[in-house]
Amino acid sequence: MLMAVRNQFKVSLLSIKYAIMRELLNKVTFVTNIVFMILNNASFIIQWVVLFSIKDDFGGFGLKDVLILWGLSAMAYGFSRFFFKKAFSLSETINTGKLDSFLVQPKNVLLSAITTDVEPSALGDILYGYIILFIYGMNLKNFILLTIYGMTGGLVLTSISVILNSLSFWFSKTDVIADTGNSLMINFSTYPDGIFKGVVKLMLYTIVPVGIVVYIPIQVIIEFNIIKLSITILFTIFIVCLAFLVFNKGLKKYSSTNLMVARI
Amino acid sequence: MGIIEVKKLSKTFKVKIKEKGLKGSIKSIIKPKYKTISAVNDVNFEIEKGEIIAFIGPNGAGKSTTIKMLTGILYPDAGSIKVLDIDPIKDRKKLAYQIGTVFGQKEQLWTHLTPYDNFKFFGAIYDIPESRVEKKIDELRELFELDEFINTPVRNLSLGQRIRCEIVASLIHEPKVLFLDEPTIGLDPVVKENIRSLIKRMNKEYKTTIFLTSHDVGDIEKLCKRVIIINNGMVVLDDTMDNLKYHYLNKKIVEVKTKEKVNLDDTDGITVLKDKGYNLKLEVDITKKSVTDAIKLLNPDNIIDINISNIPLEDIISSIYKEGI
């Protein structure tokens with residue numbers, strides 16, 4: 001069992017390595033994608049700096065809190081898009097019969113399918129997270145927490161995408177639902193949770209779990225709390241398992257196609 | 001016991017029916033209609049170790065669906081499959097270690113990598129230690145004559161070279177059964193011949209059982225000793241190639257060039273296919289008339305040249321597709 005898990009990770013890492021090698025074929029594009037993503041994220045912070053020059057407090061968040069909120073959101077987004085890019089277009093993989101080549105291999109189909117490509121600009125998001133941490137206050141504790149939360153957030157974003165994209169096994173054109181779900185997560189994760197009240201707030205801690213993967217982590221980074229840390233980790237484990245469950249259930253409905261496709 | 005056992009295998013697909021135009025599209029949203037297509041219907045066969053079998057049929061006959069069920073890609077609706085005594089549905093991963101697949105229409109190789117890097121990747125997929133993968137690559141690069149392009153990115157290879165690499169990639173883990181789905185599609189006759197001889201060598205050297213689907217009669221005739229024909233989801237013929245030829249080659253084509261014009265009409269057992277005065281083309285049904293009888297009718301002294309041939313295998317297969325036996 002342990003050996004199988006080790007071998008699975010080895011293959012997934014090798015797959016990511018080869019995908020990076022493909023992106024590095026054009027080094028200039030690779031680097032500019034990263035740099036421009038950092039600049040793009042920075043431009044949003046400028047808007048917040050302007051807003052904070054008018055008002056000191058937004059939903060209980062000061063400028064530094066908003067900075068780390070953006071840093072963490074960018075990291076989670078970057079982590080998911082860099083390592084699991086194909087999770088966000090999984091419905092296309094399902095609909096065009098591209099799962100065939102993964103199904104005939106003795107490895108986990110989902111992991112194989114979502115690790116065959118990387119998004120270079122997402123590396124800019126990850127780096128942006130650490131740059132923000134420098135501005136916020138770099139120390140070992142914050143570095144470890146941001147890294148952990150970047151990973152848990154990324155895994156949750158990936159899992160939500162896998163769950164919604166897996167609906168393609170049952171229904172057609174579900175990519176729109178998946179895109180909407182992902183957009184909801186990203187949009188809410190860049191605003192202080194204090195500005196949301198009532199039903200919206202309840203929604204952010206349940207069906208659009210931004211609260212668990214972004215707001216609670218911000219609270220932990222500001223003031224460490226082991227219970228809150230555990231909540232996020234347990235939720236991540238739960239949603240990752242759910243993603244595997246839904247995907248594997250859907251796999252039984254997979255109908256493949258005879259379209260001519262190439263692995264690119 | 002066979003290496004592949006298929007019993008009462010069935011698979012249906014539910015397909016949405018849409019009426020034409022925008023109105024039809026809106027109607028299909030409000031009240032969708034579906035029809036059930038039976039892709040594979042009660043299919044049974046057994047394949048022995050080391051066999052090369054041709055699994056053929058017209059487009060949409062159910063070949064790909066069957067091969068996909070045998071390899072664990074699709075779930076059957078009914079029936080049972082055992083490949084090397086493994087159920088592809090229950091033990092997909094276990095089976096994957098034992099089988100190889102080449103889909104002529106679907107690339108499995110990373111196009112930006114060289115064949116060598118791809119083979120190493122496949123080695124990792126099948127948990128083969130580095131040293132063993134190196135040894136296997138060396139062995140296969142020699143057998144498949146890959147030296148010239150083993151370090152060239154796959155995207156720069158010709159189609160023939162790429163297919164050779166696809167086959168090698170599927171052999172890295174020494175599979176006991178190899179599924180080849182139209183491996184020679186789009187290849188020129190020289191490359192096709194080359195791929196066929198490699199498949200033959202592979203079967204001979206490694207005793208690999210080969211399950212081949214192809215629309216190319218050359219593949220079937222030159223590689224396979226047994227043929228299974230599927231049409232409308234059902235097996236319509238499962239026989240040896242020799243039997244197929246023996247039973248269905250009961251018609252001969254006789255082409256003659258004569259000194260003087262011959263007036264010959266269709267008679268029982270002889271059909272005039274072409275009559276150009278001094279050149280005649282006849283079809284002789286040897287169950288009714290012998291070729292000698294046909295020649296006697298033409299007067300042997302009048303014949304300058306004669307050619308007697310079998311009906312092409314392609315025509316036999318086409319007639320089986322049409323008639324469904």
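Number of residues in the stretch B:54-85 that are out of contact with any strand residue (DSSP E or B) (no Cβ under 7 Å at 6 or more places or on another chain), more than 11 Å from every other protein chain (Cβ to nearest Cβ) and either closer than 17 Å to B:Ile228 by Cβ or hydrophobic (A, V, I, L, M, F, W, C) (or both) equals 0. Residues that are in contact with a Ser or Thr (Cβ under 8 Å, 6 or more places away or on another chain) and within 30 Å of A:Ser172 (Cβ to Cβ) are absent from the stretch A:143-152 altogether. Within the stretch B:128-138, being of a type in the set (Asp, Glu) and either under 14 Å from B:Pro115 (Cα atoms) or touching a Pro at 6+ places or on another chain (Cβ under 6 Å) (or both) holds for B:Glu134, B:Asp138.
Each row is one residue, and each column tells you yes or no for (1) at pLDDT below 95; (2) within 14 Å of chain B (Cβ to nearest Cβ); (3) in contact with a His (Cβ under 7 Å, 6 or more places away or on another chain).
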site	(1), (2), (3)
A:Ile222	yes, no, no
A:Ile233	no, no, no
A:Ile237	no, no, no
A:Val240	no, no, no
A:Ser256	yes, yes, no
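Yes or no, residue by residue, for (1) assigned to a strand (DSSP E or B); (2) small (Gly, Ala, Ser); (3) more than 30 Å from B:Glu48 (Cα to Cα); (4) touching a helix residue (DSSP H, G or I) at 6+ places or on another chain (Cβ under 7 Å):
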residue: B:Val236; (1), (2), (3), (4): yes, no, no, yes
residue: B:Lys252; (1), (2), (3), (4): yes, no, yes, yes
residue: B:Val284; (1), (2), (3), (4): yes, no, yes, yes
residue: B:Ala294; (1), (2), (3), (4): no, yes, yes, no
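When the residues of the stretch A:11-26 are narrowed to those that are modelled with pLDDT under 90 and more than 12 Å from A:Val118 (Cβ to Cβ), which ends up nearest to the other protein chains (Cβ to nearest Cβ)? Here the answer is A:Leu25. Output yes when any residue across the stretch B:90-104 is modelled with pLDDT of 90 or more and farther than 23 Å from B:Val168 by Cα, and no when none is. Scanning the stretch B:90-104, I find at least one residue that is modelled with pLDDT of 90 or more and farther than 23 Å from B:Val168 by Cα, so the answer is yes. Say we look at the stretch A:89-109 and pick out the residues that are more than 12 Å from chain B (Cβ to nearest Cβ) and surrounded by fewer than 24 Cβ atoms within 10 Å (Cβ to Cβ); which of these is nearest to A:Pro217 (Cα to Cα)? The selected residue is A:Ser89. Note on the stretch B:101-138: among residues that are among the polar types (S, T, N, Q) and more than 10 Å from chain A (Cβ to nearest Cβ), the one that is farthest from the chain's Cα centre (by Cα) is B:Ser131. Before we move on, is B:Lys14 within 12 Å of another protein chain (Cβ to nearest Cβ), crowded, with 16+ Cβ neighbours inside 10 Å, under 22 Å from B:Asn231 (Cα atoms) and not polar (S, T, N, Q)? When the stated conditions are applied, B:Lys14 does not pass them.
Given the condition over 30 Å from A:Phe9 (Cβ atoms) and more than 26 Å from the chain's Cα centre (by Cα), answer yes or no: does some residue in the stretch B:153-160 qualify? There is at least one residue in the stretch B:153-160 that is over 30 Å from A:Phe9 (Cβ atoms) and more than 26 Å from the chain's Cα centre (by Cα).
If you check B:Gln98 against the conditions, is it surrounded by fewer than 20 Cβ atoms within 10 Å (Cβ to Cβ), under 26 Å from B:Arg196 (Cβ atoms) and within 10 Å of another protein chain (Cβ to nearest Cβ)? Against the criterion (surrounded by fewer than 20 Cβ atoms within 10 Å (Cβ to Cβ), under 26 Å from B:Arg196 (Cβ atoms) and within 10 Å of another protein chain (Cβ to nearest Cβ)), B:Gln98 qualifies. Among the residues of the stretch B:255-282 satisfying the criterion of being in a loop (DSSP other than H, G, I, E, B) and hydrophobic (A, V, I, L, M, F, W, C), which is surrounded by the fewest Cβ atoms within 10 Å (Cβ to Cβ)? Here the answer is B:Leu264. Among the criteria (1) exposed (fewer than 14 other Cβ atoms within 10 Å of the Cβ); (2) out of contact with any helix residue (DSSP H, G or I) (no Cβ under 7 Å at 6 or more places or on another chain), the one B:Asp87 does not fulfil is (1).
The values are calculated or read from the model by the stated rules, or taken from the named source; none is laboratory data. These numbers were taken from a predicted model, which means no experiment stands behind them. A quick note on method: Cβ atoms are made from the backbone with ideal geometry, for glycine too, and the neighbour counts reach across all protein chains shown.
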